[in-house]
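The structure appears right after this line, and notes come after that.
Derivation of every value follows stated rules applied to the coordinates shown; laboratory data play no part. It should be emphasised that the depicted structure is a prediction, and the values quoted were computed from it without experimental measurement. Note that we place each Cβ from the backbone using ideal geometry, even for glycine, and neighbour counts take in every protein chain shown.
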Amino acid sequence: PSEIKYARMKLARAFKDLKPEEVKLLQLSVRMKYQDIIKIKEFSKYKSVDSLKDKIYNIKKKIRPVRD
């Protein structure tokens with residue numbers, strides 16, 4: 001129970017500085033292939049898998065420094 005609470009607290013801290021679009025992209029990237037994400041109208045602006053991959057990589061870089 002307290003471990004779950006701690007994990008949620010860390011996640012909330014990591015995600016608090018992300019834009020809603022960035023959070024959604026991270027969530028989608030766990031469940032979908034990049035090719036499928038680009039087909040979603042909201043994310044079609046990325047045009048290529050490489051540009052989307054770079055965006056998601058940069059989002060992950062933003063949350064990595066969050067430590068204890």
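Straight-line reach from Lys39: taking Cα to Cα under 30 Å and skipping same-chain neighbours fewer than 8 places apart, the lysines in range are Lys16, Lys19, Lys24, Lys47, Lys53, Lys55, Lys60, Lys61, Lys62.
Can you give the longest stretch of the chain with no exposed loop site, where a site means trypsin sites (Lys or Arg not before Pro) in a DSSP loop (not H, G, I, E or B) with at most 11 other C-beta atoms within 10 Å? It works out to 48-66. Stretching the chain fully between Lys53 and Val30 yields a gain of 7.0 nm (0.36 nm per residue, less the alpha carbon separation). With a cut-off of 10 Å between beta carbons, the residues surrounding Leu18 carry a summed charge of +1, where Lys and Arg count +1 and Asp and Glu -1.
Inverting the pair-averaged 1/r between distinct Cα atoms of the chain gives 13.0 Å as its Kirkwood hydrodynamic radius. The mean sequence separation of alpha-carbon pairs under 8 Å and at least six residues apart, normalised by the residue count of the chain, gives a relative contact order of 39 percent.
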